[in-house]
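Take a look at the structure below.
FYI, it's all coordinate maths here, none of it is from the lab. The structure presented is a predicted model; accordingly, all values stated were derived computationally and were not measured. Cβ: placed from backbone, ideal geometry, glycine included. Neighbour counts: every protein chain shown.
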Amino acid sequence: MVRFFRHALPLAAPLAAMVLAFAAASAPAAPPTHTGTDGTGAASDQQEGEPQSDAAHPDAVVRSGLPVPRFVTLRSNEVNVRTGPGVRYPVEWVFVKAGMPVEITAEFDTWRRIRDVEGTQGWVHQSTLSGRRGIIVTGQQSRTLRRDAASASEAVAQLDPGVIAKLRKCKGPWCQVDVGGFRGWLQRDEVWGVYPKEEVGE
């Protein structure tokens, strides 16, 4: 299965608020441009500097010294997610949205097991991840991006569920984000990509 994540164009909105929409769609996996050592089209992995050798065992954990779990973002618009920590493991799906937050849940050598907002897990090479932070808007309805960290603050934009934004900082129940040319504050419990009591600075 290949999973695609794409942004839709902004929708018209009343007054000064703009709705930024996000759509997710699934499509069959395209044939590989050329075949890697595992016969599954590992070309994009090798271009990103992945080693040819595989990890010895998918359940073993060799940590980088950084906290696990932790949130990171996808570095590029094409990230192969595999069933195990090595290029011989098949590609289960492909993420195609740079900046999307994922959670690292385990480490093995240069491989990271990640989980997305839907809870699906798989293995990617560390070179495909970035320490820059991002969030995804959650819930069943649009969220209000506010100018200041207060419920009574002026609305800057309306963000649909699934919108991806750059995370700048979090203080208390509020997080400041950049999205679609706007900067403002969302409530922490309206997004995925930051822990409930985590302190995030610029």
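Some values worked out for this structure:
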quantity	calculated
Around P101: net Lys/Arg minus Asp/Glu count, Cβ-Cβ under 9 Å	-1
K166 versus S127: modelled label distance in nm, points set 7 Å from Cα along the beta carbon direction	2.5
E198-R147 FRET efficiency (beta carbon distance; Förster radius 30 Å; 0.05 resolution)	0.85
Order of R133, R88 - criterion: other Cβ atoms within 10 Å of each residue's Cβ, fewest first	R88, R133
Label-point separation in nm, R115 to R88, each point 7 Å along Cα→Cβ	2.9
Whole-Hz couplings from phi, Karplus 6.51/-1.76/1.60, listed for the stretch 113-120; x for Gly and Pro	8, 10, 10, 9, 4, 8, x, 6
Around P161: net Lys/Arg minus Asp/Glu count, Cβ-Cβ under 14 Å	-3
